[in-house]
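Colleague: Got a structure here, written out as structure tokens. Questions coming.
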Amino acid sequence: MKIKFTVNGRPETVDTDPMRRLLDVLRDDFGFLGVKEGCGEGECGACSVLVNGEIVFSCITPVGTVEGSEILTIEGYRNTERYRAIEAAMEEAGGVQCGFCTPGFVLAAEALLRKNPHPSEDEIREGISGNLCRCTGYSGIVEGIKKAAESEGVW
Amino acid sequence: MVTQNVVYRPGSLEEAYRLRTDTGALPLAGGTDLMVRYRKTAGLVPDPGRPVLFIGHLKDLRRVEERAEEVRIGSCTTYTELLSQKAVPEILKRCITLLASPPIRNRGTVGGNICNSSPAGDTLPVLHALECSLVLGNIRGERTVPIDRFITGPGENALSEDEILKEIVIPKAAFSGWCYRKIGTRRANALAKISFAGLYLIESGEVHDIRIAIGAVAPTVVRSREIEKTIIRIPRTSLQRSTVEMAARYRPLIRPITDQRSTTGYRAGVTLVLIEQFLTAVLQKKG
Ligand SMILES: Cc1cc2nc3c(=O)[nH]c(=O)nc-3n(C[C@H](O)[C@H](O)[C@H](O)COP(=O)(O)OP(=O)(O)OC[C@H]3O[C@@H](n4cnc5c(N)ncnc54)[C@H](O)[C@@H]3O)c2cc1C
Ligand code: FES
Ligand code: FES
């Protein structure tokens with residue numbers, strides 16, 4: 001089946017099995033290796049991408065279902081001012097250690113902040129509740145998102 | 001050789017019905033259950049072993065309509081979409097905010113939860129308590145089935161090979177209050193050990209309607225109209241003295257399937273406490 005969508009702003013067409021995982025298409029066909037595979041079953045968030053602005057797990061998304069959608073991976077997001085605000089805040093707060101979970105957390109933060117630019121701590125924890133981190137213990141990540149949200153006029 | 005899945009992406013509900021009849025293809029709404037069920041090792045394509053019918057994109061299945069007597073929810077409306085709809089009952093919204101995590105809620109659908117018919121489906125006790133019915137359609141027409149007659153066992157339901165769940169119909173009814181509780185290991189993403197839905201109506205100091213539905217403690221949702229009847233219209237003072245006794249009547253109905261999430265003893269003990277706490281809360285309510 002031919003499937004059309006945009007990835008990081010570029011229109012693309014793939015001719016592939018529509019049941020293929022969006023994760024595999026993004027990594028193997030497009031080389032977006034910032035999309036990670038952790039659990040492969042919707043439990044960890046390492047494979048998170050934005051589909052039409054909403055956070056989605058690409059490991060359980062058949063590529064055929066994103067026909068006509070706009071997909072954003074960390075590679076596309078990193079060219080934005082918002083990314084730079086999150087990057088700086090995460091660095092300052094110690095929200096990154098090994099980094100495997102980080103693209104997923106950054107996109108979860110974006111999905112949250114675009115709907116709710118001034119989240120409470122509970123709302124931040126809820127916003128990242130689909131993501132697991134084996135290193136930081138989460139406090140640094142939560143702190144980082146809090147700090148990012150304080151950046152003037154970015155969200 | 002690697003085989004390709006046969007997948008259909010119909011342009012309309014009509015076409016979906018036709019494809020379902022002609023090919024017996026498996027409907028896929030959000031895919032959050034199916035993609036996990038049919039996953040293979042990393043990099044390989046999930047393969048259900050039969051044709052697949054994408055339905056999640058169909059506008060006719062993705063809507064909420066409020067009518068005078070009822071609210072109709074299209075089967076493929078996502079959880080996130082339902083949270084933003086005024087017409088959706090609060091008890092269902094509360095249940096959804098405790099279900100999985102935002103990325104799952106952005107894709108998962110209430111129709112998928114119903115048709116998956118898992119004993120741990122969180123929306124099921126809520127939909128039983130609300131006395132929903134389901135509109136099942138095929139190429140020839142539609143039929144409406146109450147939810148408690150649709151789900152027949154763990155993973156089993158009355159959907160025919162040529163049917164698609166079209167809508168969930170929630171009748172409007174007056175309630176003084178509601179309660180939804182989910183007992184699980186971790187807040188996000190954990191399947192329930194027990195999920196509890198309670199609704200009640202109190203008028204001039206008497207309980208006029210009470211509905212208790214419990215999920216994950218038996219092969220299908222536990223609800224007993226017989227026990228509920230014994231609670232309705234008895235004076236509050238005598239009910240007050242007997243909440244523990246009332247709750248204990250549910251004990252024989254708690255027969256969980258064996259699974260890794262919990263034991264029978266734990267589930268039974270906690271369920272009775274949840275029921276008792278609910279009854280106590282109902283009795284404290286003025287009205
Ligand atoms: C990490 C994770 C956490 C989860 N947490 C929870 C949780 O807390 N609580 C909970 O209840 N569930 C949970 N789930 C399960 C799942 O997300 C829900 O059951 C969801 O509602 C399924 O909806 P879907 O649209 O994704 O279903 P799909 O996977 O698309 O379909 C599920 C089944 O229903 C059938 N089907 C779907 N729609 C229709 C239709 N309209 N007509 C006929 N058949 C249909 C499909 O053929 C399939 O058999 C979780 C899943 C994951 C991966
Ligand atoms: S790899 Fe997708 S959620 Fe873990
Ligand atoms: S920084 Fe290592 S998993 Fe999060």
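Colleague: Kindly indicate the residue of the stretch B:101-119 that is open to solvent by 20 Å² or more (accessible area, probe 1.4 Å) and part of a helix (DSSP H, G or I) and also farthest from the other protein chains (Cβ to nearest Cβ) among those meeting that condition.
Modeller: Checking each candidate, the answer is B:C115.
Colleague: Which members of the stretch B:28-38 meet the condition of being near ligand 1 (Cβ under 6 Å from one of its atoms), open to solvent by 30 Å² or more (accessible area, probe 1.4 Å) and under 14 Å from B:S117 (Cα atoms)?
Modeller: B:T32, B:D33, listed by residue number.
Colleague: For the stretch A:57-155, which fully contained helices (runs of 4 or more DSSP H) count at least 2 residues that are touching a strand residue (DSSP E or B) at 6+ places or on another chain (Cβ under 9 Å)?
Modeller: Helices (runs of 4 or more DSSP H) meeting the threshold: A:74-77, A:102-115.
Colleague: So which residues in the stretch B:120-151 are within 22 Å of B:P89 (Cα to Cα) and in a loop (DSSP other than H, G, I, E, B)?
Modeller: Once the filter is applied, which keeps residues that are within 22 Å of B:P89 (Cα to Cα) and in a loop (DSSP other than H, G, I, E, B), the stretch B:120-151 yields B:A120, B:G121, B:D122, B:L130, B:E131, B:C132.
Colleague: Taking the stated definitions as given, is A:V35 under 14 Å from the mean Cα position of the chain (by Cα), at pLDDT 95 or above and either away from chain B (no Cβ under 13 Å) or in a strand (DSSP E or B) (or both)?
Modeller: Spelling it out, it is not the case that A:V35 is under 14 Å from the mean Cα position of the chain (by Cα), at pLDDT 95 or above and either away from chain B (no Cβ under 13 Å) or in a strand (DSSP E or B) (or both).
Colleague: Output the qualifying pairs, or none if there are none: Cβ atoms under 6 angstrom, residues six or more apart or on different chains, first residue in the stretch B:117-133 and closer than 16 Å to B:N157 by Cβ, second residue within 16 Å of ligand 2 (Cβ to nearest atom) and of a type outside the set (S, T, Y).
Modeller: B:A120/B:L191
Colleague: Are there any pairs, at least 6 apart or on different chains, whose C-beta atoms fall under 7 Å, with the first in the stretch A:105-117 and at pLDDT 95 or above and the second open to solvent by 20 Å² or more (accessible area, probe 1.4 Å) and aliphatic (A, V, I, L, M), and if so, which?
Modeller: A:V106/A:I74; A:L107/A:I74
Colleague: Another one. Has the stretch B:264-277 got at least one residue that is open to solvent by less than 30 Å² (accessible area, probe 1.4 Å), touching a residue at least 60 places away in the same chain (Cβ under 8 Å) and of a type in the set (F, W, Y)?
Modeller: Within the stretch B:264-277, not a single residue is open to solvent by less than 30 Å² (accessible area, probe 1.4 Å), touching a residue at least 60 places away in the same chain (Cβ under 8 Å) and of a type in the set (F, W, Y).
Colleague: Something else about it: Quick one: is B:E226 at pLDDT 95 or above, part of a helix (DSSP H, G or I) and open to solvent by 30 Å² or more (accessible area, probe 1.4 Å)?
Modeller: When the stated conditions are applied, B:E226 passes them.
Colleague: Follow-up question, since we're still on this one. When only residues in the stretch A:30-52 that are in contact (Cβ under 8 Å) with a residue 60 or more places away in the chain, surrounded by fewer than 23 Cβ atoms within 10 Å (Cβ to Cβ) and small (G, A, S) count, which is farthest from ligand 3 (Cβ to nearest atom)?
Modeller: A:G34
Colleague: Does A:G104 satisfy the condition of being crowded, with 20+ Cβ neighbours inside 10 Å, within 17 Å of A:G144 (Cα to Cα) and within 16 Å of ligand 1 (Cβ to nearest atom)?
Modeller: Yes, satisfied.
Colleague: Another question, then. Among the residues of the stretch B:1-33, what is the count of those that are free of Cβ contacts under 8 Å to residues at least 60 places away in the same chain and within 10 Å of chain A (Cβ to nearest Cβ)?
Modeller: 9
Colleague: Taking the stretch B:84-114, which residues are within 21 Å of A:P62 (Cα to Cα), away from ligand 2 (no atom under 16 Å from the Cβ) and among the polar types (S, T, N, Q)?
Modeller: Matches in the stretch B:84-114: B:T109, B:N113.
Colleague: Please tell me if A:I86 is open to solvent by less than 10 Å² (accessible area, probe 1.4 Å), more than 14 Å from every other protein chain (Cβ to nearest Cβ) and not hydroxyl-bearing (S, T, Y).
Modeller: Answer is yes for this residue.
Colleague: Looking only at the stretch A:22-78, count how many residues are in contact with a Cys (Cβ under 9 Å, 6 or more places away or on another chain) and closer than 14 Å to A:L132 by Cα.
Modeller: Counting residues in the stretch A:22-78 that are in contact with a Cys (Cβ under 9 Å, 6 or more places away or on another chain) and closer than 14 Å to A:L132 by Cα gives 12.
Table: residues versus (1) part of a strand (DSSP E or B); (2) open to solvent by less than 20 Å² (accessible area, probe 1.4 Å).
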| residue | (1), (2) |
| --- | --- |
| B:F175 | no, no |
| B:I202 | yes, yes |
| B:A213 | yes, yes |
| B:I257 | no, no |
| B:L279 | no, yes |
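Colleague: For the stretch A:1-18, name all the residues that are closer than 19 Å to B:P46 by Cβ and in a loop (DSSP other than H, G, I, E, B).
Modeller: Answer for the stretch A:1-18, where residues must be closer than 19 Å to B:P46 by Cβ and in a loop (DSSP other than H, G, I, E, B): A:M1, A:T16, A:D17, A:P18.
Colleague: Output the residues belonging to the stretch A:57-83 that are among the β-branched types (V, I, T) and in contact (Cβ under 8 Å) with a residue 12 or more places away in the chain.
Modeller: Within the stretch A:57-83, A:I60, A:T61, A:V63, A:T65, A:V66, A:I71, A:T73, A:I74 qualify.
Colleague: Suppose we filter the stretch B:64-100 for residues that are part of a loop (DSSP other than H, G, I, E, B) and open to solvent by less than 50 Å² (accessible area, probe 1.4 Å); how many remain?
Modeller: Number satisfying all stated conditions: 9.
Colleague: Which ones in the stretch A:133-155 are within 15 Å of the chain's Cα centre (by Cα) and either away from ligand 2 (no atom under 16 Å from the Cβ) or open to solvent by 70 Å² or more (accessible area, probe 1.4 Å) (or both)?
Modeller: A:I141, A:I145
Colleague: Do you know which residues across the stretch B:46-62 are surrounded by 16 or more Cβ atoms within 10 Å (Cβ to Cβ) and in contact with a Ser or Thr (Cβ under 9 Å, 6 or more places away or on another chain)?
Modeller: Residues satisfying the conditions are B:D47, B:P51, B:L53, B:F54, B:I55, B:G56, B:H57, B:L58, B:D60, B:L61, B:R62.
Colleague: Can you tell me which residues in the stretch B:234-255 are over 19 Å from B:V217 (Cβ atoms), at pLDDT 85 or above and open to solvent by 70 Å² or more (accessible area, probe 1.4 Å)?
Modeller: Listed by number, the list holds a single entry, B:E245.
The values are calculated or read from the model by the stated rules, or taken from the named source; none is laboratory data. Keep in mind the model is a prediction, meaning the values are calculated, not measured. Cβ coordinates were reconstructed from backbone atoms using ideal geometry, including for glycine residues, and neighbour counts include every protein chain displayed. We work out accessible area using only protein heavy atoms, side chains counted, and drop any ligands, DNA or RNA first. Shrake-Rupley method; radii C 1.70, N 1.55, O 1.52, S 1.80 Å.
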